[in-house]
Amino acid sequence: MTLNGILQIAVYLAILILLARPLGAFMARVYNGERTFLDWLLGPVERLIYRLAGVDPAQEMNWKTYAVAMQIFNLLGLVVVYALQRLQQVLPLNPQGMAAVSPDSSFNTAVSFATNTNWQGYGGEMTMSYLTQMLALTVQNFVSAATGMAILVAFIRALIRSPQTSSGKAGGLGNFWVDLTRTTLYILLPLALILSLALVSQGVVQTFSPYQTANLLQPTVDGSGNPVTSQLLALGPAASQIAIKQLGTNGGGFFNANSAHPFENPTPFSNLLEMLSILLIPAALCYTFGKMVGDTRQGWALLAAMTILLAVFIFGTYIAEAAGNPRLAALGADQQTTSLNPGGNMEGKEVRFGVPNSALWATATTAASNGSVNAMHDSFTPLGGLIPLVMMHFGEVIFGGVGSGLYGMLIFVIVAVFVAGLMVGRTPEYLGKKIEAYEMKMASLLILIMPLTVLFLTALAVITTPGKATVYNPGPHGFSEILYAFTSQGNNNGSAFAGLSANTPFYNLTGGIAMLISRYWLAVPTLALAGSLARKKKVPASAGTLPTHTPLFIAWLIAIVLIVAALNFIPALALGPIVEHLML
Amino acid sequence: MNTPFKKQSNSRRALYLRAVKDAFIKLDPRSMVRNPVMFVVEVGSALTTFLWLQALIGTGEAPAGFIGAVAIWLWFTVLFANFSEALAEGRGKAQAEALRRTRRETSARRVKGSKVEGWKVESSSRTVNLQPSTFNLADIPLETVSSTSLRQDDLYFVETGDILPADGEVVEGIASVDESAVTGESAPVIRESGGDRSAVTGGTRLLSDWLIVRVTANPGEGFLDRMIGLIEGAKRHKTPNEIALNILLAAFTIIFLGVCITLLPFSLYSVETSGQGTPITITVLIALLVCLIPTTIGGLLSAIGIAGMDRMIQQNVIAMSGRAVEAAGDVDVLLLDKTGTITLGNRQAVELIPVDGCSPQELAEVSQLASLADETPEGRSIVVLAKEKYGLRGRSVAETDEHPGMRFIPFSAQTRMSGVDLPPTFPPIGGTPSPNGGEESGTQIRKGAPDAMFRLIEDAGSRTPADLKPAVDAIARSGGTPLVVTRNGRAVGVVHLKDIVKGGIKERFAQLRKMGIKTVMITGDNPLTAAAIAAEAGVDDFLAQATPEAKLKLIREYQSGGRLVAMTGDGTNDAPALAQADVAVAMNTGTQPAREAANMIDLDSNPTKLIQIVEIGKQLLMTRGALTTFSISNDIAKYFAIIPAAFASTYPVLGGLNVMRLATPQSAIMSAVIFNALIIIALIPLALRGVPYRPLGASQLLRDNLLIYGLGGLVAPFIGIKLVDLLLAALHLYG
């Protein structure tokens, strides 16, 4: 570890926290339907959209209507993405003449982008036409993010509203179409516009022109000994897609190498911008939450819990990677840090980012359900690779996906409040809402779906032939790769450990199922829980009420998140990265 | 207090023996399935037993001795949990049996063909007027029947020495009743028709006089029957919070089932790719599963609930449902009657304020004379004050013997005053003799409520002295009750009667405030007086000039604000408010409607009990929370014991996780299983007693309990498992 590396991480966290408040306050205004500085421009567009779609923005939806609207919208998106991939060879904007994508891969990718996972079984520059990238994938990057945020806002409204205060009919959670539209229009589009321009300034490509051939300065030979003198440079409308891929915790790269690719993430500054945008909205949503529930301390408490966990694990990855790999040392690799040598385990890392920025990115992208990468996680040391895996095992609640991370964390808050509330001798309540049997039923369901999905699909893969067939490194590392694949898809993360050839019918299908379960089986019970909370009276706070903004509660929440993940995954991790580490 | 419940069962041994027996009876899967966590353990025990039998025949997956030992300890785990529940129930059962003995069938004298209408008993032949004084016992047509054939609205007759055959309401007569069978209180209580003391309970005994009682409960539905049912827990339903906790525990159980089931394929894959070792055995998987699922809280959960009800009973409070006990912990507003709860029942004279230039001595003597025949505690306190503070010689009603002309005027609701008329022979009062040397003929001394007395002064044609009104107002403002004293229509002074706030009550309310509970004083006093007492007692709010409607309205207001309200009551007019309150405690001395509307009955009829009830409710929830936290934190250590052991043959390097340095893989697994079973036994006393409750704010409570049960739960099994392992090693088992 170097002081420079530590400072880079500290500066990153400081900027992130500083940005949370202004953006969070702005989003609160957007969701409360208050005036914003963008109204003059976007107000007419918004109203036009409602008129064209025949939406009554004032109509309140109960949780069922909200859930049905969300599901129908997502299903339509899924069908469109599938169709565009299957038909891309006959559609325009296909300068490279890409062929139709296979049915199983198209299904996996359609699910992947509709569920905000962005798991990529394909390589972008070798598979997708520009039209598919833009109309199918980029559009889903916007609306899948907006879907997550809409569900979160519905959940927050459930905590604010009560039969005592709401004048309208009880149990209303807002209007999905309005939340979707306002999120996209007021939050995601402006932010994405700013970020894409900034990225273009750093050299990220944005063009419709076909791929270019460049002559190599240093000609080389290929595997069969033939000389290679030129390279085909993949291009495309990348910046516009990369901006929202980072901001919307999507993570699906325009190019196969994702943000390790020089046209996707060319400079250390673009790297900082992209890393910040991974966590920007999830962090700011904590403040939005506090603002909307009328007690910003509640939002800061959640942000504190997330940030503490994130910081600890970033440094965990950094320490593991900076320490280097004894196996590499044995082969004569110099892993000492000197003024000329970055030091540590540099296998699979870009030299322009080095160890600290790779460790930071890997931890942040798995904490949030982003899944974009700027280094190969498969090449990390066992402990360095364990941490991204564990970050996902938390259930993507440490920042997590935009919207989904915070509502996931709120489920943990409910469990934490329940047990802690008992310990202070009262029927537990959160923000004045009593946590009773129905809430516990939904919260329990939400907590057990993810580990069961991940564990059972991993178990299926390790005992079936198609599952084991494409593992290149059998043994603990191969086990880690399979576990990582299902953990990533079962948490809508989308990053890959690589080393596992996952573009097979078996992995495309099982992965698709994991992504669907992870997104919708969690979203619907979350909305049901919201529906129940919205109908509850608000209990006024007293000295006997458990405060949920204190350092003590933050520590308790962290403990619950840690313990649940540990209990679920210690045995599996012991047979993967832990045993691999002990074998070093 | 001498209650039958406080006495420990004379045979503790019998209690334990019975619990052991019940623990085996409860192994019946039909009853086990009610508790998902322990049901999983039972299925696991059965499975390992089967594997053990298989190993005995010679085709086992592991040595038969090892599988057998795991099986035995798994069965112990189930039995220990059952034992805790049986023990908690056993205490209630013993109490119920004591009660049942008092409820044996008796004969009853039923009023024939009886139907109450007004005060008349109609029988087939004639109508007997029950109007007191016109009424002749012999006129009542009676028939002797079994107590079980009495039905609601029947009338029965009891006299000295009889056991009351059924619950009812006294319609005629006044008698002293020994209710110790129900309340444990040996002092007899008075029961009479009308008013708030008309309810009688079947199974109690009449000590004197006679009563005619209208039956209010059919056989088997009486108070005692309900009590027995409640104590026995025969109709025990899971409470809302218990259900919610059970869901969470079931979720953990399902997750751990998934973890353990998938561990087998993971293990198979590991063996296949590493090319060494054997896959994890089913026995070890079951052992791991049982260790991981929250057996500690799962096993003790129902014992905690039963013990909570039991603690209420030990406080002589009968909760009509577990739900009510739980709600008690959530209460955030307490409505407390002023009299008896906040203040001592009686007001006392603390000061005499002379007016109109009257001397203190004269006032003292006049006041003393006015109160001689006044047997109320207030009247007594005036006599005592006059004697102690003004050194007057003690007088008594016996003075009438010396002065036959003395005539006492009793208090009446119409006049709202009392006093005495003195004969001329009476010696002069206060050294200011009237013109004729002795007391004037017909000297009239009166004391009473100010407004009544002002009228008297006016009627007598006297002038109202200028300093009278301010003195009266000052007393009222300070929360006292002023009594104006007159001598022949002339005001001589004011007696200051004061409500005496109970000692320590202010501190109690401060504690309640810390716990987040608001106290509201209910009183019939005027707002001025009420405010003064409220301030002195330190309550948060008060309701003055309270009517039943005002009480009901107040409760509804709090409830619509999302608060839970607790109150006590005894009168029939309290019934609507009791029915509305979330936690309603009726005094056992109260009327039948009050007792029916309440969800708890305090056999001691002590209104202060409400505070203890709240504490017991909180303790119940806290015990559940603490043991849940403890149970879950335990799991970390168990992973460190079992994971390295389970994969010792495939990945020996995992021994690096064996931080406890447990001797062998088998002893590690056994130690974890044995610790897991023993911890249930070790925590039974805590489950039954409840975690100690201290009136602290929520933050402090959480911090303390997290340190003890969270951190303690994390650390304790590391030590416990190591100790068991050392013991096993010392015994050369699994060496």
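The values are calculated or read from the model by the stated rules, or taken from the named source; none is laboratory data. Everything numeric in this text was worked out from a predicted model, so none of it was measured. Virtual Cβ from ideal backbone geometry, glycine too; neighbours counted across all protein chains shown. Heads up: the accessible areas ignore ligands, DNA and RNA and are worked out on the full protein's heavy atoms, side chains in. Shrake-Rupley method; radii C 1.70, N 1.55, O 1.52, S 1.80 Å.
Working from Cα positions, state the angle (0 to 90°, nearest 10) between the long axis of helix B:527-537 and the longest principal axis of chain B. Between the helix axis and the principal axis of chain B, the angle is about 50 degrees.
Each DSSP beta bridge with both residues in chain B is either parallel or antiparallel, and the antiparallel ones are about 75%. I need the phi-derived Karplus couplings for region A:261-268: 6.51 cos²θ - 1.76 cosθ + 1.60, θ = phi - 60°, integer Hz, Gly and Pro marked x. The phi angles translate into 6, x, 7, 9, 8, x, 10, x Hz.
With a simple spin-label model that places each label point 7 Å from the Cα along the Cα-to-Cβ direction, the separation between B:Thr425 and A:Leu52 comes to 11.6 nm. Ordering of B:21-27, B:78-84, A:175-181 by packing is B:78-84, A:175-181, B:21-27, highest average first (other Cβ atoms within 10 Å, averaged per residue).
Remark: region B:315-321, residue by residue, has Karplus-estimated 3J(HN,Hα) of 7, 6, 10, 9, 8, 6, 7 Hz, where x stands for each Gly or Pro and the curve is 6.51 cos²θ - 1.76 cosθ + 1.60 at θ = phi - 60°.
In region B:241-258, burial by the other protein chains removes 40 Å² or more of accessible area from B:Asn241, B:Ala244, B:Ile247, B:Leu248, B:Ile255, compared with the chain on its own (1.4 Å probe, ligands and nucleic acids ignored). In terms of Cα to Cα distance under 16 Å, which lysines are near enough to B:Lys112, apart from those fewer than 8 places away along the same chain? Output for B:Lys112: B:Lys120. Sorted from greatest to least, the principal axis extents spanned by the alpha carbons of chain A come out as 78, 55, 48 Å.
Buried surface between chains A and B: roughly 5200 Å² of accessible area, summed over both sides, computed with a 1.4 Å probe on protein heavy atoms only.
Enter the angle in degrees (range 0 to 90, nearest 10) between the Cα long axis of helix B:223-232 and the first principal axis of the Cα atoms of chain B, meaning the one along which they spread out most. In chain B, helix B:223-232 runs at an angle near 30 degrees to the longest axis.
Kirkwood hydrodynamic radius, computed over distinct alpha-carbon pairs, for region B:227-327: how many Å, to one decimal?
Result for region B:227-327, one decimal place: 16.5 Å.
Across peptide A:571-583, the mean count of Cβ atoms from other chains lying within 10 Å of each residue's own Cβ comes to 6.
The alpha-carbon atoms of region B:537-634, seen along their principal axes, cover 55, 30, 26 angstrom, with the largest extent given first. Close amide H partners of A:Leu233, meaning residues 5 or more places away or on another chain with modelled amide H under 5 Å apart, are A:Gln212, A:Thr213, A:Ala214. Which percent of the accessible area of chain A is formed by carbon and sulfur heavy atoms (probe 1.4 angstrom)? Using a 1.4 Å probe with all protein chains present, chain A comes out at 67 percent carbon and sulfur. What's the angle, to the nearest 10 degrees (0 to 90), between helix B:240-274's Cα axis and the longest principal axis of chain B? The helix B:240-274 is inclined about 10 degrees to chain B. For the protein assembly as shown, the Cβ-based charge dipole about the Cα centre amounts to some 580 debye (Lys, Arg positive; Asp, Glu negative; other atoms uncharged). Using the 1.4 Å probe convention, the accessible area of chain A works out to 34 Å² per residue with neighbouring protein chains retained.
Our helix-only sum for chain A, with -39,500 (n - 2.57) per DSSP H run of n ≥ 4 divided by its residues, gives a mean residue ellipticity at 222 nm of -19000 deg cm²/dmol. Within the straight-line cut-off of under 20 Å between alpha carbons, the lysines reachable from B:Lys518 are A:Lys433, A:Lys434, A:Lys537, A:Lys538, B:Lys338, B:Lys502, B:Lys506, B:Lys551, B:Lys553, B:Lys609, B:Lys618, sequence neighbours fewer than 8 places apart in one chain being disregarded.
Rounded to whole Å, the principal axis extents of the Cα atoms in the protein assembly as shown read 147, 84, 64, largest first. For an R0 of 25 angstrom, estimate the FRET efficiency from the Cβ-Cβ distance between B:Gln152 and B:Ser107 and round to the nearest 0.05. Computed FRET efficiency for B:Gln152 and B:Ser107: 0.85.
Taken over region A:12-147, the percentage of Cα pairs per 5 Å bin, counting from 0 up to the bin with the maximum distance, is 2, 9, 13, 15, 15, 14, 13, 12, 7, 1. Here B:Lys498 is the anchor, and the aspartates and glutamates within straight C-alpha reach of less than 12 Å, apart from those fewer than 8 places off in the same chain, are B:Glu351, B:Glu378, B:Glu536.
Counting only protein heavy atoms and a 1.4 Å probe, chain B has 39 square angstrom of accessible area per residue. Take every pair of alpha-carbon atoms less than 8 Å apart whose residues are at least six positions apart; their mean separation over the length of chain A yields a relative contact order of 19 percent. Comparing the full protein assembly with the isolated chain (1.4 Å probe, heavy atoms, ligands and nucleic acids excluded), the residues of region B:669-715 losing at least 40 square angstrom of accessible area are B:Ala698, B:Ser699, B:Leu702, B:Leu706. Taken as Cα centroids, region B:569-595 and region B:509-563 sit 17 Å apart, rounded to the nearest whole angstrom. The value given for region B:453-604 is a Kirkwood hydrodynamic radius of 17.8 Å, derived from the mean inverse Cα-Cα separation. Normalised by the number of residues in chain B, the average gap of Cα pairs under 8 Å and 6 or more apart makes the relative contact order 14 percent. Atom-type composition of the exposed protein surface of chain B places 57 percent of the accessible area on carbon and sulfur (1.4 angstrom probe).
Taking every alpha carbon pair in chain B, what does the distance histogram look like in 10 angstrom bins from 0, in percent? Whole-percent P(r) values from 0 Å outward: 3, 12, 16, 17, 16, 13, 9, 6, 4, 3, 1, 0, 0.
Cα centroids of region A:261-310 and region B:26-105: 51 Å apart. Between amide H atoms placed 1.01 Å from N, distances below 5 Å from B:Ile409 occur with B:Gly419, B:Val420, B:Asp421, all of them 5 or more places distant or on a separate chain.
Estimated from the Cβ-Cβ distance and a Förster radius of 56 angstrom, the FRET efficiency linking A:Thr550 and B:Phe24 is about 0.75. Projecting the Cα positions of A:Ile578, A:Thr470, A:Ser532 onto the charge dipole of region A:447-584 (unit charges on Cβ atoms of Lys, Arg, Asp and Glu, taken about the Cα centre) puts A:Ser532 furthest along the positive direction. Note that region A:432-584 carries a Kirkwood radius of 17.8 Å, evaluated over its alpha carbons pair by pair.
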